[in-house]
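Beneath this line is the structure, given in structure tokens, with notes to follow.
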Amino acid sequence: MLWGVIIGVVLGVGYILPGEYAHSILTTETDKEKPAQQLEKNSPTLLFCGEEFNEQLAAGRGNLRTIEKYNIIDFGLAENNKPEVLQNKVAEICEKQENYGEKRKGNSPIIWLKNIDKITNPELENELVKIIDPSQNTNLGKQQVEREFYEGKIKIEEIIDLSQFTLVATTSTSNPQLSKKITDKLKPIESIFNKYH
């Protein structure tokens with residue numbers, strides 16, 4: 001009976017803890033960020049390795065509920081494995097009024113780059129490096145957008161700038177094979193289970 005209770009507790013903690021850990025780390029890292037207007041430089045992209053992080057982030061814990069709805073780019077989907085598709089998705093995210101409003105309030109909207117280990121196209125990998133590299137992602141081109149102001153909607157030209165976003169990358173495996181040019185631009189967040197295994 002006692003062994004049954006112990007096994008049940010261990011299994012329960014093993015199921016719940018990875019998600020809580022992912023959420024806790026992501027919340028801690030995003031809370032460290034200064035308001036968007038005060039950012040002097042872009043922060044590194046956070047890297048969470050393992051399917052458990054994908055599952056828990058997709059479950060929408062806490063303030064992450066809007067990620068899947070608005071700002072997710074999943075490289076596990078075949079249609080997302082072209083550089084021009086990635087460019088268009090990033091432009092769409094920057095154009096969204098919800099993200100613009102969050103940045104104006106001093107918040108840092110999140111872009112989730114899911115399953116980056118599934119990228120097989122070298123051109124797409126180069127495009128991803130531009131997005132996750134703080135020295136390159138402040139000017140990814142220009143686009144015409146319609147913004148809502150007190151006077152009404154106005155079309156303006158904006159620079160595609162990811163410096164005010166928090167970028168989160170995840171992989172589908174705990175030990176992904178990522179190129180050095182990608183890993184050099186990421187801040188790995190190690191699972192507590194890997195750390196003390």
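Values for this structure:
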quantity: Dipole of region 81-197, positive direction: furthest Cα of Pro176, Leu128, Pro109, with charges on the beta-carbon; calculated: Pro176
quantity: Computed label-point distance, nm, for sites Lys82 and Thr173 using a 7 Å Cα→Cβ extension; calculated: 2.8 nm
quantity: Probe 1.4 Å, protein heavy atoms only - accessible area per residue of region 46-173 in square angstrom; calculated: 49 Å²
quantity: GluC sites (Glu not before Pro) restricted to region 103-197 and DSSP loop, no more than 11 other C-beta within 10 Å; calculated: Glu151
quantity: Extended-chain gain in nm, criterion 0.36 nm per residue less alpha-carbon gap, Phe149 and Arg104; calculated: 15.0 nm
quantity: Förster radius 35 Å - calculated FRET efficiency between Glu158 and Glu55 (Cβ-Cβ, nearest 0.05); calculated: 0.55
quantity: Other-chain or far-sequence residues with amide H under 5 Å of Ile110's (modelled H); calculated: Thr166
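The values are calculated or read from the model by the stated rules, or taken from the named source; none is laboratory data. Note that the structure is a prediction, hence the values are computed from the model and not measured. Note: ideal-geometry Cβ built from the backbone for every residue, glycine included; neighbour counts use all protein chains shown. Only protein heavy atoms, including side chains, enter the accessible area calculation; ligands, DNA and RNA are left aside. Shrake-Rupley method; radii C 1.70, N 1.55, O 1.52, S 1.80 Å.
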